[in-house]
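Everything on this sheet refers to the single structure shown next.
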Amino acid sequence: MAGCCSVLAAFLFEYDTPRIVLIRSRKVGLMNRAVQLLILAYVIGCHRACFTEVKMEPPPPWVFLWEKGYQEMDSVVSSVTTKAKGVTVTNTSKLGFRIWDVADYVIPAQEENSLFIMTNMIVTTNQTQGHCPETPEETNVCESDAKCVAGSTGTHSNGVQTGKCVPFNGTVKTCEVAGWCPVESDTLVPKPACLKAAENFTLLVKNNIWYPKFNFSKRNILPNITTTYLKSCIYDAVTDPFCPIFRLGKIVEDAGHSFQDMAVEGGIIGIQIRWDCNLDRATSLCLPKYSFRRLDTRDTDHNVSPGYNFRFAKYYSDPAGTEHRTLIKAYGIRFDIIVFGKAGKFDIIPTMINIGSGLALLGVTTVLCDVIVLYCMKKKYYYREKKYKYVEDYEQGIDSEMDR
């Protein structure tokens with residue numbers, strides 16, 4: 001109990017104040033300067049990677065020159081439009097000789113920040129409303145009407161069951177359905193892709209950006225680009241990095257994949273446009289940087305439901321007034337245009353904040369050196385004696401002298 005009281009009294013009635021001690025030691029002096037230099041290097045030039053490698057969030061002063069801590073920053077506002085070009089020809093048993101242009105393979109004609117190019121398809125022609133056998137699957141293969149339930153449907157049904165078991169071909173019977181007949185058979189995807197020539201189609205990407213904080217706007221069709229140049233250029237990261245026209249095969253290749261393999265079952269490719277602008281420099285140096293990557297999961301060990309596809313139909317009526325449709329299961333590549341970036345411009349407020357934070361961080365040097373000197377070095381007790389001085393209360397000291 002007495003010990004607790006003494007500790008409490010020491011806490012309440014004692015006050016400590018810093019004492020400056022000049023230690024004349026080469027070892028301590030070099031250690032102090034080395035720590036100061038490390039902190040200055042960290043404050044002035046440390047890159048974000050210093051922290052991302054160890055999954056830490058960097059404090060405010062970690063970048064002054066490299067990450068431009070003296071600038072006010074703003075995020076990009078962007079709009080994107082696209083236009084595809086290219087013509088190809090197919091000659092199949094179902095469709096015969098056919099020319100394909102933009103109106104046929106770009107579905108839909110306009111999307112927001114993306115574009116779908118059809119590269120492969122399964123076509124079911126001349127469907128009409130009626131009764132027909134369902135495609136053979138485990139749930140609808142039958143031997144008698146007893147297995148077919150009238151009015152039932154399944155997740156993958158092509159219609160509503162009538163309750164009858166009818167021949168699908170010479171060897172298999174399936175449940176009859178009411179729906180669009182004949183039903184689609186999508187068990188075999190055409191290989192190679194029907195529109196394999198889409199590899200040579202081109203895509204024009206028009207991107208306008210705006211940094212509202214600085215009222216700065218620009219577009220990826222740069223001022224020096226002419227109409228003549230735009231008709232002939234094709235993007236290449238080395239020889240022509242600012243041409244806004246891309247060959248589809250080259251996009252997929254730069255993303256690390258084969259266009260012909262991807263065209264069979266489809267997929268999703270991201271076209272990334274990065275705008276990092278230093279508005280303290282000439283605005284002509286604010287330029288887009290393009291990169292490409294595949295966005296849909298492609299795992300060779302677990303490749304369930306791969307690619308990208310959907311269905312649509314084209315409807316028409318014959319002279320007798322009967323409604324028909326052509327059902328198309330379209331496989332293709334969706335190109336998503338992703339725009340990101342930041343702009344910076346000098347501002348006195350972030351400059352002063354980062355300078356102040358950096359100077360405050362130098363205080364770590366004193367703390368670290370004190371810990372080493374007072375607790376780790378051989379002469380730690382000697383340094384402690386010089387560092388700390390205990391002074392009794394002045395009035396108590398006078399009373400003691402008078403008592404003597």
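The values are calculated or read from the model by the stated rules, or taken from the named source; none is laboratory data. This one's a predicted model, so the numbers in the text were calculated from it and none came from an experiment. Backbone-built Cβ (ideal geometry, glycine too); neighbour counts: all protein chains shown. Please note that ligands, DNA and RNA were not included when accessible areas were found on the heavy atoms of the full protein model with its side chains. Shrake-Rupley method; radii C 1.70, N 1.55, O 1.52, S 1.80 Å.
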Subject >> Thr119 vs. criteria touching a residue at least 60 places away in the same chain (Cβ under 8 Å) and touching a helix residue (DSSP H, G or I) at 6+ places or on another chain (Cβ under 9 Å) >> reply: yes
**OP:** Quick one: in segment 339-366, of everything that is part of a strand (DSSP E or B) and either of a type in the set (Phe, Trp, Tyr) or within 21 Å of Arg33 (Cβ to Cβ) (or both), which residue is most open to solvent (accessible area, probe 1.4 Å)?
**Re:** Phe346
Original post:
When you go through (1) in the same structural domain as Ile107 (by the TED database); (2) outside any strand (DSSP E or B); (3) of a type in the set (Lys, Arg) one by one for Arg384, which number turns out not to apply?
Top reply: (1)
Original post:
If you check Val160, Val54, which single one turns out to be of a type in the set (Val, Ile, Thr) and either at pLDDT 85 or above or under 30 Å from Thr174 (Cα atoms) (or both)?
Top reply: Val160
Original post:
Of all residues in segment 205-221, which are assigned to a strand (DSSP E or B) and more than 22 Å from the chain's Cα centre (by Cα)?
Top reply: Phe216, Ser217, Lys218
**OP:** Give segment 139-159 a look and list any residue that's of a type in the set (Val, Ile, Thr), open to solvent by 80 Å² or more (accessible area, probe 1.4 Å) and in contact (Cβ under 8 Å) with a residue 12 or more places away in the chain, or say none.
**Re:** Thr139, Val149
Subject >> Which numbered condition Asn303 fails, given (1) in a loop (DSSP other than H, G, I, E, B); (2) open to solvent by 80 Å² or more (accessible area, probe 1.4 Å); (3) of a type outside the set (Phe, Trp, Tyr) >> reply: (2)
**OP:** Hand me the list of strands (runs of 3 or more DSSP E) wholly inside segment 92-192 holding 3 or more residues that are over 30 Å from Ala320 (Cβ atoms).
**Re:** 114-133
Subject >> Options Asp336, Asp261, Asp276, Asp318; residue that is without any contact (Cβ under 8 Å) to a residue 40 or more places away in the chain and either open to solvent by less than 80 Å² (accessible area, probe 1.4 Å) or not assigned by the TED database to the domain that holds Lys196 (or both) >> reply: Asp318
**OP:** Within segment 237-255, count every residue that is outside any loop (DSSP other than H, G, I, E, B) and open to solvent by 40 Å² or more (accessible area, probe 1.4 Å).
**Re:** 4
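Condition check ((1) in the same structural domain as Gly332 (by the TED database); (2) among the small types (Gly, Ala, Ser); (3) touching a Ser or Thr at 6+ places or on another chain (Cβ under 7 Å); (4) in contact (Cβ under 8 Å) with a residue 12 or more places away in the chain) across all residues:
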| site | (1), (2), (3), (4) |
| --- | --- |
| Pro167 | no, no, no, yes |
| Ala178 | no, yes, yes, yes |
| Leu203 | yes, no, yes, yes |
| Lys206 | yes, no, yes, yes |
| Ile209 | yes, no, yes, yes |
| Asn224 | yes, no, no, no |
| Ser232 | yes, yes, no, no |
Original post:
Can you find a residue in segment 166-176 that is closer than 30 Å to Ile271 by Cα and in contact with a strand residue (DSSP E or B) (Cβ under 6 Å, 6 or more places away or on another chain)?
Top reply: no
